[in-house]
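Enquirer: Sharing a structure here in structure tokens format.
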Amino acid sequence: MADSPEVSRYHRQMILPTMGRQRQEKLTQSRVLVVGAGALGAAVLLYLVPAGIGTIGILDNDELELTNLHRQVLYSTEDVGTPKVLAARDRLEKMNPEVSLRTHFLRLNVDNALDIIREYHLVIECSDNFPTKFLVNDACVMLHKPCIIGAALGFSGQLSVYNYLDGPTYRCLMPEPPDPLTLPTCANAGVMGMVPGIIGNLQALEALKIITGQSETLSGRLLHFEGLETNFMEVPIELNPDNKKIDHLTSYSYSCPDYLLKKHTVEPQNFFPTLEKEGPFEVVALSDDQEFLQIKDFRWKTIPAYKIPEVVAQIPEKKKVMLICENGIKNFEALKYLLMKENCTRALALKDGLSALRILGLD
Amino acid sequence: MKIKVRLFATLREGRGKEQMMEFTDTATPQAIFDRLDIPSADVAILLINGFDGKFDQPLKDGDTVSIFPPVGGG
């Protein structure tokens with residue numbers, strides 16, 4: 001590294017007594033995987049790439065949407081519609097060409113997690129869902145690698161270091177993931193951009209300390225942040241040794257057989273006849289941001305998807321449930337949830353949503 | 001007995017962040033969830049005086065109970 005431009009680039013962090021040339025070289029030799037290139041991932045990457053990590057893997061299966069831009073500060077308006085991993089790589093390459101960036105344009109699952117994570121020393125978990133957080137934790141336990149799991153919602157956020165040395169795992173904080181459909185998410189409950197920014201920065205700092213071998217990390221302590229009060233609180237996490245005994249990966253993403261989905265799906269042209277002839281139906285309209293869904297003379301008040309179990313439980317047993325949404329995505333997820341998790345066989349979902357009815361001129 | 005109840009993240013919506021609550025001497029954290037209409041599935045972390053607590057653990061006068069929901073966004 002002597003006399004190279006790297007010395008100048010990293011000079012101000014290298015002159016820190018707790019860093020120095022040797023620790024900078026540890027950064028250069030390290031390989032870090034960032035799972036999720038959303039708001040947390042953007043903050044992590046914006047600080048780890050300039051710091052001179054040798055290899056950074058960026059894993060994400062989404063394309064950038066306009067609604068991401070207020071918090072996913074790595075991206076620009078012109079990136080909308082582009083896979084996040086590609087937009088991230090383009091921006092980060094310019095920030096620091098010394099760093100080797102690898103992109104994984106996929107969703108982590110039980111079949112690929114071990115092979116991907118095996119290539120890295122450390123995982124920074126920045127996804128927006130519990131199934132992925134548990135998958136990363138379990139794979140890291142099996143491969144004996146530390147992971148830093150962060151989360152943010154509304155004005156709140158939290159992070160900790162898991163499976164580091166003799167420390168606890170994510171399952172010591174939460175033994176099993178909560179049901180995905182019943183949870184508020186950033187998409188339906190909102191999030192203030194600065195909060196994942198703060199949590200992501202702290203994740204990057206913990207990563208730097210683990211790589212350079214600084215002794216005091218967040219292992220064994222969950223750091224919880226309340227943004228409205230600007231308050232940090234620590235929650236102790238104790239190791240349950242049973243949580244280190246993981247010998248296989250578990251998928252928590254619920255899947256539903258195609259034949260069953262097909263049986264409970266209503267083609268757009270059959271929507272009104274089905275409502276008229278095969279009822280009585282209670283129509284459940286799903287949306288995170290529209291108060292009502294309307295078509296013809298019908299007007300339905302909407303609910304967010306996570307309220308589905310409680311709303312459906314209140315519908316009298318003799319009624320069937322017709323799930324609708326604007327484009328057919330949310331009601332399909334809700335249908336899968338009701339069929340697989342609640343064994344609710346009286347539920348039907350409108351294929352492709354109300355937009356399909358409009359395309360067919362049925363409005 | 002009097003219990004100090006502290007709520008975090010989305011559990012604060014419509015419930016506030018901290019309150020003193022009066023219970024009979026046999027109360028457990030479940031009684032707090034019931035009174036505040038917090039479904040068990042919404043409780044990811046339960047602390048009694050800063051340490052991991054159980055839903056059916058008997059509470060004592062002056063205890064502080066902290067309740068966190070699952071936070072999974074990113």
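The values are calculated or read from the model by the stated rules, or taken from the named source; none is laboratory data. What you are looking at is a predicted structure, and each value in this text was computed from that prediction instead of being measured. A quick note on method: Cβ atoms are made from the backbone with ideal geometry, for glycine too, and the neighbour counts reach across all protein chains shown.
Enquirer: Cβ-Cβ distance below 6 Å, separation of 6 or more or different chains: which pairs start in segment A:273-301 with a residue that is at pLDDT 90 or above and end on one that is charged (D, E, K, R) and assigned to a helix (DSSP H, G or I)?
Expert: Close Cβ pairs (under 6 Å, with a partner that is charged (D, E, K, R) and assigned to a helix (DSSP H, G or I)) amount to A:286/A:330.
Enquirer: Would you mention how many residues in segment A:201-259 are without any contact (Cβ under 8 Å) to a residue 12 or more places away in the chain and of a type in the set (Phe, Trp, Tyr)?
Expert: The qualifying residues number 2.
Enquirer: Also, quick follow-up: Scanning for something more than 8 Å from every other protein chain (Cβ to nearest Cβ) and of a type in the set (Gly, Ala, Ser), does segment A:119-135 turn up at least one residue?
Expert: No - not one qualifying residue is present in segment A:119-135.
Enquirer: So how many residues does segment B:34-47 have that are more than 10 Å from chain A (Cβ to nearest Cβ) and out of contact with any helix residue (DSSP H, G or I) (no Cβ under 7 Å at 6 or more places or on another chain)?
Expert: 4
Enquirer: Scan segment B:1-46 residue by residue and report those that are in a helix (DSSP H, G or I) and of a type in the set (Val, Ile, Thr).
Expert: Going through segment B:1-46, the residues in a helix (DSSP H, G or I) turn out to be B:9-12, B:29-36, B:40-42.
Listed by number, the residues that qualify are B:10, B:32.
Enquirer: Of the conditions (1) more than 17 Å from residue B:70 (Cα to Cα); (2) away from chain B (no Cβ under 13 Å); (3) buried (at least 17 other Cβ atoms within 10 Å of the Cβ), residue A:247 clears all except one; give me its number.
Expert: (3)
Enquirer: Are there any pairs, at least 6 apart or on different chains, whose C-beta atoms fall under 8 Å, with the first in segment A:306-335 and part of a strand (DSSP E or B) and the second surrounded by fewer than 20 Cβ atoms within 10 Å (Cβ to Cβ) and of a type in the set (D, E, K, R), and if so, which?
Expert: From residues that are part of a strand (DSSP E or B), the pairs are A:320/A:278; A:320/A:282; A:320/A:346; A:321/A:282; A:321/A:346; A:322/A:282.
Enquirer: Would you check which residues across segment A:345-363 are more than 19 Å from residue A:299 (Cα to Cα) and crowded, with 20+ Cβ neighbours inside 10 Å and list them?
Expert: A:347
Enquirer: Mind checking which residues of segment A:180-209 are within 8 Å of chain B (Cβ to nearest Cβ) and either surrounded by fewer than 18 Cβ atoms within 10 Å (Cβ to Cβ) or modelled with pLDDT of 90 or more (or both)? Lay out the reasoning, then the answer.
Expert: As a first pass, look at segment A:180-209 and keep what is within 8 Å of chain B (Cβ to nearest Cβ): A:182-186, A:189, A:191, A:196.
Hits for segment A:180-209 are A:189, A:191, A:196.
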